[in-house]
Amino acid sequence: QVQLVESGGGLVQAGGSLSLSCAASGSIFSINGRGWYRQAPGKQRELVASITRDGSTNYVDSVKGRFTISRDNAKKTVFLQMNDLKPEDTAVYYCYADLSGVRYWGKGTQVTVSS
């Protein structure tokens, strides 16, 4: 059984920063791709950022230059540093982890950016 637990969400003013983390636990030998999705009220879930095991990253255009994804393979943790936050970044953020062809999800953490 694999579990992902996110932390670091909260309320911040526009222009502020938040750092999310997602720790994996359970029967894990090796984690391949990892990343973050987000879902705002009334909108579809969208991929925000992803990172491969060797560190290659990808970002949705709206967060490029503001968000940074990273991972610590030894600690089985992925991070999302979010700077210059905007009200449109308000959403529930979900992390995922790909193991042996199966995608596991965290339960989500709320990020709210006030204007």
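For this structure, a couple of remarks:
- Filter result for ILE51 (modelled with pLDDT under 95 and either aliphatic (A, V, I, L, M) or surrounded by 16 or more Cβ atoms within 10 Å (Cβ to Cβ) (or both)): no
- Just one of the listed residues (SER56, SER70) is modelled with pLDDT of 95 or more and either loosely packed, with under 13 Cβ neighbours inside 10 Å or over 20 Å from GLY108 (Cα atoms) (or both), and it is SER56.
- Counting only residues that are under 18 Å from VAL111 (Cα atoms), over 12 Å from the mean Cα position of the chain (by Cα) and surrounded by 13 or more Cβ atoms within 10 Å (Cβ to Cβ), segment 20-44 holds 1 of them.
- One residue from THR77, THR109 being open to solvent by less than 60 Å² (accessible area, probe 1.4 Å), modelled with pLDDT of 95 or more, within 16 Å of PHE29 (Cα to Cα) and not acidic (Asp, Glu): THR77
- Test: SER17 is over 15 Å from GLY108 (Cα atoms), at pLDDT 95 or above and surrounded by fewer than 13 Cβ atoms within 10 Å (Cβ to Cβ): yes
- Within segment 1-24, tally of residues that are closer than 12 Å to LEU99 by Cβ and touching a Lys or Arg at 6+ places or on another chain (Cβ under 7 Å): 1
The values are calculated or read from the model by the stated rules, or taken from the named source; none is laboratory data. Predicted model only: the values in this text are computed from it and were never measured. Here Cβ is always computed from backbone atoms with ideal geometry, including for glycine, and neighbour counts include all displayed protein chains. In case anyone asks, the SASA skips ligands and DNA or RNA and just uses the protein heavy atoms, side chains included. Shrake-Rupley method; radii C 1.70, N 1.55, O 1.52, S 1.80 Å.
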